[in-house]
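Contents: one structure, followed by commentary.
The values are calculated or read from the model by the stated rules, or taken from the named source; none is laboratory data. Predicted, not measured: the structure shown is a model, and the values here were computed from it. Note that we place each Cβ from the backbone using ideal geometry, even for glycine, and neighbour counts take in every protein chain shown. Side chains are part of the model used for accessible areas, which takes the heavy atoms of the whole protein and leaves out ligands, DNA and RNA. Shrake-Rupley method; radii C 1.70, N 1.55, O 1.52, S 1.80 Å.
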Amino acid sequence: MVQGIIIPADNTASLRAVRLDSLEDFQRAVGGWIEAVDIPDLGVTMYVNEEGLIRDLPFNRRATFLWRFQVPKARDARLVGDVAVVGLIDDEGENTELPSELRRRLTEPGVYRVRTRERGRTRWHEEPIDRDDFAETVVWAALLQEISPALEVSIERVDGVKDESNGIIQP
């Protein structure tokens with residue numbers, strides 16, 4: 001059906017590309033019944049274990065902060081267990097392919113930098129540490145948003161490779 005990515009709850013495990021051909025594939029990926037969590041600005045749906053909180057599955061830091069960075073209303077929520085990420089559902093109710101640029105960011109090496117500025121200001125400030133993992137950069141960016149709501153936060157690819165968004169990722 002679609003190519004997706006699994007974001008393991010184990011922070012030491014690599015994200016991995018998977019083919020999800022059926023409902024059973026999605027259920028196998030998350031270890032049970034599935035629940036959809038949409039991130040419209042990224043064009044993705046994340047599937048989580050519907051009973052994950054009840055079953056006390058481990059916190060999925062990378063998936064949670066990817067959601068929180070893009071969907072500010074989700075700041076108090078948390079995702080648990082392994083998460084399957086695919087494109088949003090189309091008009092026929094079918095999942096679509098994960099946007100290619102996000103797939104590259106999540107699975108291919110790259111160097112990313114968090115930038116911040118006070119709301120209403122024009123000058124961006126670069127955080128002092130570059131990260132070589134997009135998902136970990138998103139964690140830091142989301143934490144900065146939560147700590148200081150007066151800041152606008154963006155992520156920029158800085159390793160000389162331009163992506164489709166010209167390197168800038170903003171919620």
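Just to be sure before I move on: is D91 free of Cβ contacts under 8 Å to residues at least 40 places away in the same chain and either aliphatic (A, V, I, L, M) or open to solvent by 60 Å² or more (accessible area, probe 1.4 Å) (or both) in the structure I sent? Considered against the rule, which asks whether it is free of Cβ contacts under 8 Å to residues at least 40 places away in the same chain and either aliphatic (A, V, I, L, M) or open to solvent by 60 Å² or more (accessible area, probe 1.4 Å) (or both), D91 comes out as yes. Taking the range 1-14 as the range and being surrounded by 15 or more Cβ atoms within 10 Å (Cβ to Cβ), modelled with pLDDT under 95 and in a loop (DSSP other than H, G, I, E, B) as the test, only M1 passes. Annotation note: of F69, F65, the sole residue that is open to solvent by less than 10 Å² (accessible area, probe 1.4 Å), among the aromatic types (F, W, Y) and part of a helix (DSSP H, G or I) is F69.
Can you name the residue in the range 159-171 that is surrounded by 15 or more Cβ atoms within 10 Å (Cβ to Cβ) and assigned to a loop (DSSP other than H, G, I, E, B) and is also modelled with the highest pLDDT among such residues? By that ranking, first place goes to P171.
Read through the list (1) open to solvent by 60 Å² or more (accessible area, probe 1.4 Å); (2) closer than 30 Å to M1 by Cβ, then give the number of the only condition that E136 fails. Failed condition: (1). For the range 66-75, state whether one or more residues are polar (S, T, N, Q) and without any contact (Cβ under 8 Å) to a residue 24 or more places away in the chain. Scanning the range 66-75 turns up no residue that is polar (S, T, N, Q) and without any contact (Cβ under 8 Å) to a residue 24 or more places away in the chain. Residues that are surrounded by 24 or more Cβ atoms within 10 Å (Cβ to Cβ) and not in a strand (DSSP E or B) within the range 31-61 comprise G52, N60, listed in sequence order. Looking across the range 107-123, the residues that are surrounded by fewer than 16 Cβ atoms within 10 Å (Cβ to Cβ) and over 24 Å from I6 (Cα atoms) come down to R117, E118, R119, G120, R121, T122, R123.
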